[in-house]
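Scroll down for the structure; my scribbles are underneath it.
Rule-based calculations on the coordinates, nothing more; no lab input. Note that the structure is predicted; figures quoted are calculated from it, not measured. As a convention, Cβ positions derive from the backbone with ideal geometry for all residues, glycine included, and neighbour counts pool all protein chains shown.
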């Protein structure tokens, strides 16, 4: 008689597990930064992903979805640990997120080795577009070099003859400055890499910039560092003396604190909030009414990631095991992106337009607007190093 | 030449800011024999108070003054609640307890102010360049940091060397028990010293907030540098803290400014992109290692140690 409660419990558990197996759901692991000063970015991405799920009726590809959010604390080793935990212990079907290129590069191997699809909604290191490309990795953002390359084209159009470059000393910073140099035709007056993420005082480098007397300064300082940089650029009296051109330094997460310091500082982007397609209008309007603030490009890319996964699962009619079918469906990029139509290159990096964004004051608020299209259908310059065809 | 002067001023400003932190840290370590990792958290609280209070009152100066007072109160609260239980115990206990305080304050700040960093906008009279020499402009705000820090250093010197309380502080550093036996209220004295240290850390935070913005975890990085400073300068010695912080500030800034070009010349352009930025940021720790090899007790060790 002692064995009966135990047997009953075991039977109940077995029946529950059997019942669970009937309702198949999609498990998505979301790795981003949710602590520290750059948590605003992670929150924007999470908000956008949740909004996308709302728009899809809380189902992806018609199946119920479970999202597990993990914090990488902006550290590559933590991001890798969390990725491994999501793959091995939570057994997720998709990995989404990855703001930072160094975190993504550290987390790449576990994902690729386990054949888990990884959709990077931000980081686009050059290695990933070239030798390390994988059939299981897709980007809904860009390859790091593409955006500063567009800014280089714009700087040529403006007749800038010499530029002083500054960026943080990690994978993305190096990509960004290399990307600018790939299209900018003027003289490079200086190239400074600052310690990342600790060094927030740029006085030594800004003094060097002033000494070099360039026509313009180009910088890449994402997240909170963009606020600190613009503060110091103004405090040192460089604002108004040397024109500033940026990539990923001014966006909707930093603009509320940069305010008038960002006026007249152009940036390049593949998505700006006022792009005129219907999906984007719905995304921006619903985001603003649900979260009471404007979405940034980080969020727009994450919104697209959800729709990309949805397109893949719909194409294979919910058969998660059909990875080949999902891959081919994703390569066709048949979902409606908020940036407008785009295609994938052989390395699963988008071939897309880049726009000139500028900051204007509307009433009491500062907003980003699209001023022009800088390049159309730009492809990254590493795609021929990728062995995939 | 002017650029070199500007870089020296940058280094001076950074060094003086480090001094504010290191002075409090070395006082607390030297007099109370307390390793206080939470010093960085007091720096962070100063920055956050400055951000909120200057936004609330609309005036940077008033906000800064109130923020100083608030950080002082927080420091005294920490001393009474936590530090009193740590006196006389092993340094490892201090490390554990104050590390816990770091975690506590980081989370508290996130709960009260949210995860986004807070900006402290500068009034126009500070947010402009000043012409120090003909043709040579320097940021008014960084100049004001230099002036305020030097004034504070002077006040600290006067306090420790020329007042009765300063005499009690120096006596307590030499022999705590004797001081208690002479009828001095040592507990109150220690609370006072900790409060002074907290106020100095808060002042550093208040002054850094407009440049760096206030964000969680901002105390940790600068705390490491502050420890490097007091190790190089000599534990318990304020003079050592001043010399060492100026030395480190200038070395770090001038290193970042000139070392990359020098090394790139010597090692070639391929190394310039990869090795050089890393080397120039390691400079401070290399210097600390060298000083410790030559003078293990620091450059200006406090008398009696």
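Quick look at the numbers
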item	result
Protection-proxy order for peptides A:26-39, A:351-364, each taking the mean of Cβ atoms within 10 Å per residue, highest first	A:26-39, A:351-364
Projected area averaged over orientations for the stretch A:57-156, convex hull of C-alpha atoms, nm²	7.9 nm²
Rounded to 10°, Cα long-axis angle of helix B:186-212 versus longest principal axis of chain B	20 degrees
Peptide B:212-219 - average C-beta neighbours from other chains (10 Å radius)	5
For peptides B:48-60, A:99-111, sequence by mean Cβ density within 10 Å, most packed first	A:99-111, B:48-60
C-alpha long axis of helix B:39-57 to longest principal axis of chain B, angle in °	80 degrees
Whole-number percent relative contact order across the stretch B:1-90, with pairs defined as alpha carbons under 8 Å at least 6 apart	21 percent
Scaled radius of gyration (Cα, divided by 2.2 N^0.38 Å) that the stretch B:1-95 gives	1.35
Most fluctuating residue given options B:14, B:215, B:136, as computed from a GNM of chain B linking Cα atoms under 10 Å	B:136
Beta bridge orientation in the protein assembly as shown: antiparallel %, DSSP, nearest 5	40 percent
Separation of the residue A:187 and residue B:192 label points, Cα + 7 Å toward Cβ, nm	6.3 nm
Part-to-part distance (alpha-carbon centres) for the stretch A:98-151 and the stretch A:198-246, which is given in Å	28 Å
Residue with peak Gaussian network fluctuation, chain B [Cα springs, cutoff 10 Å], from B:26, B:98, B:163	B:163
Gap separating the Cα centres of the stretch B:28-56 and the stretch B:203-276, nearest whole Å	19 Å
Listed residues A:314, A:249, A:140, most fluctuating in chain A (Gaussian network, C-alpha, under 10 Å)	A:314
Quarter of the Cα convex hull surface for chain A, i.e. its orientation-mean projected area (nm²)	21.0 nm²
Translational D in µm²/s for the stretch B:2-216 (Stokes-Einstein at 4 °C, 1.567 mPa s, Kirkwood Rh from C-alpha pairs)	71 µm²/s
Degrees between helix A:224-235 axis and first principal axis of chain A (Cα, 0 to 90, nearest 10)	10 degrees
Over the stretch A:252-336 - Rg/Rh using Cα atoms and the Kirkwood inverse-distance radius	1.11
Taking all pairs of distinct alpha-carbon atoms in the stretch B:97-221, Kirkwood radius in angstrom	17.9 Å
Cα convex hull of the protein assembly as shown, projected area averaged across orientations, nm²	37.2 nm²
Cα shape, the stretch B:96-166, gyration tensor, a/c 1.5 rule	oblate
Percent of alpha-carbon pairs separated by more than 19 Å within the stretch B:140-203	40 percent
Ratio Rg/Rh [Cα only; Rh per Kirkwood] for the stretch A:108-238	1.04
Inter-centroid distance (Cα atoms) of the stretch B:119-191 relative to the stretch A:284-361, Å	55 Å
